[in-house]
Amino acid sequence: MNKILVLEDDELFAQTLEDFLEEEKFEVDIAYDGQEALELNFKSNYDLYLLDINVPLINGLDLLKELRASGDTTATIFLTSYKDKQTLEEGFLNGCDDYLKKPVDLDELLLRIKSVLKRCGKQVKELKLFDELTFDPILRRVYKEGKDLNLPIKIVSLLELFLENRDSIVSKEMIISRLWSVSEEYSEGSIRVYINNLKKILGKEKITNIKGIGYKIEF
């Protein structure tokens, strides 16, 4: 799992970023000022920095300049409301890899993140499921002997739910919450259909029905 450090002093936007990135299977740490970001950096290694510029204590530009001076080459994207060329030029001179102007489109941000991580050789490796099956958690694709199975999104979401809870029982309530929005209708039959479809892919012996409770995957 790729780990991202987010420097953002707007708490609401920071929480939005955290929720979105965690849904996309990134591990996220939030810093609300440059000094906190620096301290987190001393404690952990990151695959990507998402930095706001205008933050308290140490601004994003100076923070990155300091990190680069220390030999830190971690991929960096600035998320900023600055639009003047001089500030953006300074960002690149200080060592950023890309930038997005606020307000940020989250789908575009995800594409930029994937692109930067790929360029830096930090893209997430495929997870081996069973013998010939692998799963790419960023692209959300399942491959059999290298061939994309083009699975429906709900099947992929169900697989992700099992992977996140590989040592625990996945309840029907957890499945409903993951696969259907509040406004969507579901049925016991539709749950069984998705479970059976996943069994066909993984092998029916890999998913056990825990009567009255839910299901458990066996690795």
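The values are calculated or read from the model by the stated rules, or taken from the named source; none is laboratory data. Keep in mind that what you see is a predicted model, and the values were worked out from it rather than measured. Cβ: placed from backbone, ideal geometry, glycine included. Neighbour counts: every protein chain shown. SASA here: full protein model, heavy atoms, side chains in, ligands and nucleic acids out. Shrake-Rupley method; radii C 1.70, N 1.55, O 1.52, S 1.80 Å.
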- Item | Calculated [θ] (222 nm, deg cm²/dmol) that DSSP helices of n ≥ 4 give over the chain, each run adding -39,500 (n - 2.57) | -12500 deg cm²/dmol
- Farthest toward positive dipole pole in the range 1-103 [+1 Lys/Arg, -1 Asp/Glu at C-beta], among Phe20, Val6, Ile53: Ile53
- Query: What full-extension length gain, to one decimal in nm, is calculated for Arg68 and Leu111 as 0.36 nm per residue of separation minus the Cα-Cα distance?
  - Reply: 13.1 nm
- Note on the structure: Mean separation of Cα contacts under 8 Å (at least 6 apart) over the residue count of the chain, i.e. the relative contact order in percent, is 13
- Item | Computed FRET value (nearest 0.05) for Asn45 with Lys101, which takes r as the C-beta separation and R₀ as 35 Å | 0.80
- Item | Rough spin-label spacing in nm, given labels placed 7 Å along Cα→Cβ, for Asn54 and Lys211 | 6.4
- Note on the structure: Between the alpha carbon centres of the range 1-38 and the range 133-183 the gap in Å comes to 24
- Sulfur and carbon atoms: percent of accessible area, the chain [1.4 Å]: 48
- Query: Measuring from label point to label point, each 7 Å out along Cα→Cβ, what is the Met1 to Lys118 span in nm?
  - Reply: 2.4
- Task: For the chain, return all DSSP H helices satisfying: extent of Cα atoms along own axis at least 15 Å; mean Kyte-Doolittle hydropathy at least 1.6.
- Result: 153-164
- Item | Label point distance in nm, Ile153-Asn197, each placed 7 Å from Cα along Cα→Cβ | 1.3
- Item | the chain, accessible area per residue, ligands and nucleic acids excluded (1.4 Å, Å²) | 56
